[in-house]
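Novice: Handing you this structure, nothing more for now.
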Amino acid sequence: MAGNTARAVVAASGTFGRPYRPAFSGLEGFTGTLHAADYRRPGPFAGQRIVVMGAGNSAVQITAELARVARVTLASRAPVKFARQKIAGRDLHFWLKCTGLDSAPLGGLLREPRTQLVIDDGRYRAALAQTAPDRRPVFTGIDGARVVWADGIREEVDVIVLVTGYRPDPSYLAGLDGALDAAGKPRRRGGVALTVPDQCS
């Protein structure tokens, strides 16, 4: 309402506002690209040749579903690594919070690990074992309707599912002069805006 004021503004819109599409040669011209944000169910992909790109929980779940109806390859930088959902009867997230590891200032090592652990109670490991999709290193490029694998082989595929995460979308802060840097990221230190007084992000 007009005339209302506040001592501070907190931008708490999360980090899942903008699907991330990595830069791969030929990806923009490949018409069968689908981001996980748009994936709903495996039925429409029956009988197709599909490459799922990613190695986290969502990638494994989507691969397990699609492999029941299609020929699927899970393409990732490293083999999938599983972590037990429960340890000593408690969820893994309980232990991360209890030990402080979930908020430890470990920089990119914890927030953006090279291989994300798949937290599993056993069902996804079993699903992958049952459907037996293959796992390969990420393709090096795309040539028309073909992915180019690391060994140089070109293979025609119908769909590439990008399970490559999201980036924050703080574009609504663009009207605050200096709040965002050239890349569209908030200028902040310790969660507090550097250029806009009394604004937290």
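The values are calculated or read from the model by the stated rules, or taken from the named source; none is laboratory data. These numbers were taken from a predicted model, which means no experiment stands behind them. Don't worry about glycine lacking a Cβ; one is built from the backbone with ideal geometry, like all the others, and counts go over all protein chains shown. These area figures cover heavy atoms from the full protein model, side chains too; ligands, DNA and RNA do not enter into them. Shrake-Rupley method; radii C 1.70, N 1.55, O 1.52, S 1.80 Å.
Novice: Since Asp134 meets every condition but one in (1) over 12 Å from Ser76 (Cβ atoms); (2) at pLDDT below 95; (3) of a type outside the set (A, V, I, L, M, F, W, C), which condition does it not meet?
Specialist: Looking at each condition in turn, Asp134 falls short on (1).
Novice: Please name all residue pairs, on different chains or six or more residues apart, with Cβ atoms under 7 Å, provided the first residue is in region 16-36 and is farther than 18 Å from Val148 by Cβ and the second residue is open to solvent by 80 Å² or more (accessible area, probe 1.4 Å).
Specialist: Here the result reads Arg18/Arg167; Tyr20/Arg167; His35/Arg21, each pair linking region 16-36 to a residue that is open to solvent by 80 Å² or more (accessible area, probe 1.4 Å).
Novice: Can you find a residue that is surrounded by 19 or more Cβ atoms within 10 Å (Cβ to Cβ) and over 26 Å from Gly122 (Cα atoms) anywhere in region 22-43?
Specialist: Within region 22-43, one or more residues are surrounded by 19 or more Cβ atoms within 10 Å (Cβ to Cβ) and over 26 Å from Gly122 (Cα atoms).
Novice: Does region 156-179 contain at least one residue that is of a type in the set (Asp, Glu) and either at pLDDT 95 or above or within 16 Å of Val51 (Cα to Cα) (or both)?
Specialist: Yes - at least one qualifying residue is present in region 156-179.
Novice: Out of region 48-106, which residues are among the basic types (Lys, Arg) and either part of a strand (DSSP E or B) or modelled with pLDDT of 75 or more (or both)?
Specialist: Arg49, Arg68, Arg71, Arg77, Lys81, Arg84, Lys86, Arg90
Novice: Would you tally the residues in region 4-14 being surrounded by fewer than 12 Cβ atoms within 10 Å (Cβ to Cβ) and closer than 18 Å to Arg187 by Cβ? Full working, then the answer.
Specialist: Going residue by residue through region 4-14, those that are surrounded by fewer than 12 Cβ atoms within 10 Å (Cβ to Cβ) are 4-8, 10, 12, 14.
Cutting the leftovers down to closer than 18 Å to Arg187 by Cβ gives us 8, 10, 12.
Result for region 4-14: 3.
Novice: Another one. Looking only at residues in region 175-186 that are assigned to a loop (DSSP other than H, G, I, E, B) and either touching a His at 6+ places or on another chain (Cβ under 6 Å) or at negative phi (or both), which one is most open to solvent (accessible area, probe 1.4 Å)? Let's see the steps before the verdict.
Specialist: Here is the first cut: in region 175-186, the residues assigned to a loop (DSSP other than H, G, I, E, B) are 175-179, 181-185.
Checking which are either touching a His at 6+ places or on another chain (Cβ under 6 Å) or at negative phi (or both) leaves us with 175-177, 179, 181-183, 185.
On the way: Gly175: 78, Leu176: 70, Asp177: 144, Ala179: 5, Asp181: 52, Ala182: 114, Ala183: 76, Lys185: 126 Å².
Looking at the filtered set, the residue picked out is Asp177.
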